[in-house]
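Chemist: Supplied in structure tokens, the structure appears directly below.
The values are calculated or read from the model by the stated rules, or taken from the named source; none is laboratory data. Everything numeric in this text was worked out from a predicted model, so none of it was measured. Don't worry about glycine lacking a Cβ; one is built from the backbone with ideal geometry, like all the others, and counts go over all protein chains shown. Ligands, DNA and RNA are excluded from the accessible area calculation, which covers all protein heavy atoms including side chains. Shrake-Rupley method; radii C 1.70, N 1.55, O 1.52, S 1.80 Å.
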Amino acid sequence: MHKTEKKALVLFSGGLDSSVCLALAVEAFGADNVLALSVFYGQKHRRELQAADEVAAHYGVRQIRLDLGEIFRGSDCSLLEGAREAIPHDDYAGQLQATAGQPVSTYVPFRNGLFLSSAASVALSHGCSVIYYGVHADDAAGNAYPDTSRAFNEAISEAIRLGSGEQLTVKAPFVTLSKADVVREGLRLHVPFEKTWSCYEGGDRACGVCGTCRDRRRAFALNGVKDPMVYEGEA
């Protein structure tokens, strides 16, 4: 039996975390009552958005694309087109040591704040009563991505509740969990992890050495399961 909420909107990148969020929403509301919102923000490649199309099709949910790239055009975030800095090939602990505890170079300025505000407008326009997004505790550790923290989530969730006339609820089901926990939940839900894309690079194969590749590989290893993503150097 599905829950009584009318519809759910999922902020959906096509990455591992948002794909598990999408599966949770489909489990709770049914595919016909789930809307996936995928955002282009000026990133160097669109490989993750291609994955979003494939995973959305797998679940049979309606998908909306939004282009917010112009907003970040002045940023030198290493994920973005035109950035002078290369995407770091190091784990997040090493990156944070280099930044002295400031956000890492792959932090897109206030991205989750912007995405959630945009999602609130889209959700209200399409009759949705809940927004899901897939932040998890590992991303917030050490202030690497400050807009993934529990404190940030509580504050913006309350702002969206008030600003929507109490029509919208924000759910971040993994905000206190690790990425290994997210993988475990995805395994329970039979998420098609082979269709997802986590790498910050946009090659035919995942690089295996950027921060998000390292975290993904470790999360699968902690669950005793082989990651179905194909990495550079693998047969």
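Chemist: Round to a whole number: what % of the accessible area of segment 152-235 belongs to carbon and sulfur, probe 1.4 Å? Walk me through the numbers on the way to the answer.
Modeler: Details: 2050 of 4160 Å².
The value for segment 152-235 is 49 percent carbon and sulfur by accessible area.
Chemist: Considering the dipole of the chain built from charges on the beta carbon (Lys and Arg +1, Asp and Glu -1) around the Cα centre, which of ALA141, LEU96, ALA219 is farthest to its positive end?
Modeler: Final value for the positive-end residue is ALA219.
Chemist: Please report the antiparallel percentage of the DSSP beta bridges confined to the chain, to the nearest 5.
Modeler: Working: 1 of 18 bridges.
Approximately 5 percent, going by the DSSP bridge assignments.
Chemist: Which one of VAL26, GLY42, LEU9 is farthest out on the positive end of the charge dipole of segment 1-54, using unit charges on Cβ (Lys, Arg +1; Asp, Glu -1) and the Cα centre as origin?
Modeler: GLY42
Chemist: Next question, about the same structure. Is it possible to state the helix-based mean residue ellipticity at 222 nm for the chain, with each DSSP H run of 4+ residues giving -39500 (n - 2.57), the sum divided by total residues, to the nearest 500 deg cm²/dmol? What is it?
Modeler: Values: 8 runs with 90 residues, N = 235.
Result for the chain, helices only: -11500 deg cm²/dmol.
Chemist: For the chain, what does the accessible surface come to per residue with a 1.4 Å probe? Please give it in Å². It would help to have the intermediate numbers written out before the result.
Modeler: On the way: 10780 Å² over 235 residues.
Dividing the accessible area of the chain by its residue count gives 46 Å².
Chemist: Something else: If you only keep lysine pairs separated by 8 or more in sequence, or across chains, how many in the chain come under 15 Å at the Cα atoms? Don't jump to the answer; show the numbers that get you there.
Modeler: Details: LYS3/LYS171; LYS6/LYS171; LYS7/LYS171; LYS179/LYS226; LYS195/LYS226.
The result is 5.
Chemist: In segment 60-149, which GluC sites (Glu not before Pro) are in a loop and have at most 16 other Cβ atoms within 10 Å, using DSSP for the loop call? Don't skip to the answer; put the middle values down first.
Modeler: Numbers: sites: GLU70, GLU81, GLU85; in loops: GLU81, GLU85.
Taking segment 60-149 and a limit of 16 other Cβ atoms within 10 Å, the loop GluC sites (Glu not before Pro) found are GLU81, GLU85.
Chemist: Evaluate E = 1/(1 + (r/R0)^6) for ALA159 and LEU187, where r is the Cβ-Cβ distance and R0 equals 25 Å; express this FRET efficiency to the nearest 0.05. Numbers along the way, then the final one.
Modeler: On the way: r = 34 Å, r/R0 = 1.35.
Computed FRET efficiency for ALA159 and LEU187 comes out at 0.15.
Chemist: If the viscosity is 0.692 mPa s and the temperature 37 °C, what translational diffusion coefficient in µm²/s does Stokes-Einstein give for segment 145-218 when Rh comes from Kirkwood over Cα pairs? Before the final figure, lay out each step's value.
Modeler: Details: Rh = 14.7 Å.
Translational diffusion coefficient: 223 µm²/s.
Chemist: Hey, rough spin-label estimate for GLU166 and ALA28, points 7 angstrom out along Cα→Cβ, what's it come to in nanometres?
Modeler: It works out to 1.9 nm between the two label points.
Chemist: Over segment 85-138, with every protein chain in place, what whole percent of the accessible area is carbon and sulfur at 1.4 Å, could you tell me?
Modeler: Numbers: 1200 of 2190 Å².
Here it works out to 55 percent.
Chemist: Let me ask another. Using alpha-carbon pairs under 8 Å, 6+ residues apart, how would you state the relative contact order of the chain in percent?
Modeler: Working: 440 pairs, mean separation 53.3, N = 235.
Contact order relative to length: 23 percent.
Chemist: Can you give me the Cα centroid spacing of segment 98-160 and segment 183-235 in angstrom?
Modeler: Each part's Cα centre sits 22 Å from the other's.
Chemist: What ranking do 217-226, 54-63, 32-41 get when scored by the average of other Cβ atoms within 10 Å per residue, highest first? The partial results should precede the final answer.
Modeler: Numbers: 217-226: 15.2, 54-63: 17.7, 32-41: 21.0.
Packing order, densest peptide first, comes out as 32-41, 54-63, 217-226.
Chemist: Quick test of the membrane-span-like rule: which DSSP H helices of the chain reach at least 15 Å along their long axis (C-alpha atoms) with mean Kyte hydropathy at least 0.5?
Modeler: 16-29, 111-125
Chemist: Also, quick follow-up: How large is the dipole of the chain about the Cα centre if only Lys and Arg carry +1 and Asp and Glu carry -1, each at its Cβ, rounded to the nearest 20 debye?
Modeler: Values: 24 positive and 29 negative charges, 76 e Å.
The dipole of the chain has a size of about 360 debye.
Chemist: Give, rounded to the nearest 20 debye, the magnitude of the charge dipole that segment 1-89 has about its Cα centre when Lys and Arg contribute +1 at Cβ and Asp and Glu contribute -1 at Cβ.
Modeler: 140
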